[in-house]
1. Counting just the residues of the range 44-103 that are outside any helix (DSSP H, G or I) and at pLDDT below 90, which one comes out nearest to residue 153 (Cα to Cα)?
2. Quick one: residue 34 ticks every box in (1) in contact with a helix residue (DSSP H, G or I) (Cβ under 9 Å, 6 or more places away or on another chain); (2) in a helix (DSSP H, G or I); (3) modelled with pLDDT under 95 except a single one, so which number is it?
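The values are calculated or read from the model by the stated rules, or taken from the named source; none is laboratory data. The structure displayed is predicted, hence computed values, not measured ones. For neighbour counting, all protein chains shown are included, and Cβ atoms are generated from backbone atoms with ideal geometry for every residue, glycine included.
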């Protein structure tokens, strides 16, 4: 079966630029004894701090936490790969532990994305309606992403366009880099959240539709 590529923006294109520094930092962390799940936990700590700063409209601090948290999100996978390279007999090679790492990574990502929008609205309640619309589009995009991943795993499909993953990562118009761009944009220009959220949400819906179309192409046979 041929998997047709979905429309992509920046995420896959910047991978060759961000992988080398991430791998270099990951090698140092592995030498210090840091685990991939430990890196995920540190990143989630930045996520929680981000929520607090957003709730109090402290946007410069929120931006710092968003950036640091996303760096940790990129590092956890790199640390997992470097652990395998440095110690082929490490426990992480066991599928159960690798699966747990993938599970924690995707759960923390979804909490980060949804929580950032929710706590922005906590700090700016006048934007509750566009925030609710954006969360609706997140559910549409996320559900089409995860449902495809489940069926891809069932059929043994995988690819590495966004790096090696614990599950099939179906691309689209809105991926990680584009999402981070908009979340930081919210913090830089909070007064324009309504229009930014409408544009962002519309692109998320287009991403969801593209994934549904791809599912029809790949799973209807």
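1. My answer is 94.
2. Evaluating residue 34 over (1) in contact with a helix residue (DSSP H, G or I) (Cβ under 9 Å, 6 or more places away or on another chain); (2) in a helix (DSSP H, G or I); (3) modelled with pLDDT under 95 leaves (2) as the failure.
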